[in-house]
1. If you rank 54, 22 by how much accessible surface each has, with a 1.4 Å probe, what is the order from largest down?
2. Put +1 on the Cβ of every Lys and Arg and -1 on every Asp and Glu Cβ in the chain; which of 116, 185, 133 then has its Cα farthest towards the positive end of the dipole?
3. For region 91-191, report the % of Cα-Cα distances exceeding 20 Å.
4. If you project the alpha carbons of region 10-106 onto their three principal axes, what span does each projection cover, largest first, in Å?
5. Charges on Cβ only, +1 for Lys and Arg, -1 for Asp and Glu, centred on the Cα centroid of the chain; of 152, 164, 102, which one is farthest towards the dipole's positive end?
6. So what is log10(I(q)/I(0)) for the chain at q = 0.09, 0.14 1/Å, when the Debye sum runs over its Cα atoms only?
7. Residue 120: accessible area at probe 1.4 Å, nearest 10 Å²?
8. Taking Cα atoms of region 138-186, Rg/Rh with Kirkwood Rh, to two decimals?
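The values are calculated or read from the model by the stated rules, or taken from the named source; none is laboratory data. This one's a predicted model, so the numbers in the text were calculated from it and none came from an experiment. Backbone-built Cβ (ideal geometry, glycine too); neighbour counts: all protein chains shown. Note: accessible area is taken over every heavy atom of the protein model, side chains too, but ligands, DNA and RNA are not part of it. Shrake-Rupley method; radii C 1.70, N 1.55, O 1.52, S 1.80 Å.
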Amino acid sequence: TSLACGGSVVFQVSITSDQGSWSSGSFSHGVGLVLPGGGTALDESFASGIPASWTVVDGGSGGGAAATWTTANPGSRTIAAPMVAPTAIIDSDFAGSTTGITQDEQMITSTMNLATATTVTLEFDQYFFFYSSNLVEVGDVDVKSSATAGAWVNVLRQTGASSANPDHKTLNITAQAAGAADVQVRFHYYN
């Protein structure tokens, strides 16, 4: 487990038998598989819902159908192409019907090993709808890894205006993720 993917391990071969002992020298062998020219560490369609290996944190006080992240689309929102249902959604209109409902909702990916990556790009399609008569709602995307000393680092903040529908995002997260074996991405909606 201490060997890095793409590195090599040296083997020393020695043979012992009733007829004597021989040392035939050593040889090296590559460890793991480095993807030449890039690869995809994660590609999630939500076709089977939010993956069980992901973490959903319901930090608010709502109890409605969209009190936290879901793929159920309780408001029957129109999903604009190229996005297709199901999608992961947090919908403040369906967080609950009582006064004082708050939302502080997190959807966190499982850990990704990007130890051999030299560049990392995060791409996703989304729609951030800002309700101007509401509180100052925020949609953040954060990254955490050993490259960030284990702290969440914000790579996208949306507030004060709606995005296009749909909105394709391409974020360079090399500084937060490349070379780290413990990368997580968090989608965080609050206020």
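1. Numbers: 54 25, 22 135 Å².
Result, largest first: 22, 54.
2. Of the options given, the answer is 116.
3. Numbers: 2191 of 5050 pairs.
Counting every Cα pair in region 91-191, those more than 20 Å apart make up 43 percent.
4. 87, 31, 20
5. Positive-end residue among those listed: 152.
6. Log-scaled intensity ratios, in q order: -0.45, -0.86.
7. Per-residue accessible area (residue 120): approximately 20 Å².
8. Working: Rg = 12.2 Å, Rh = 11.7 Å.
Over the Cα atoms of region 138-186, Rg/Rh equals 1.04.
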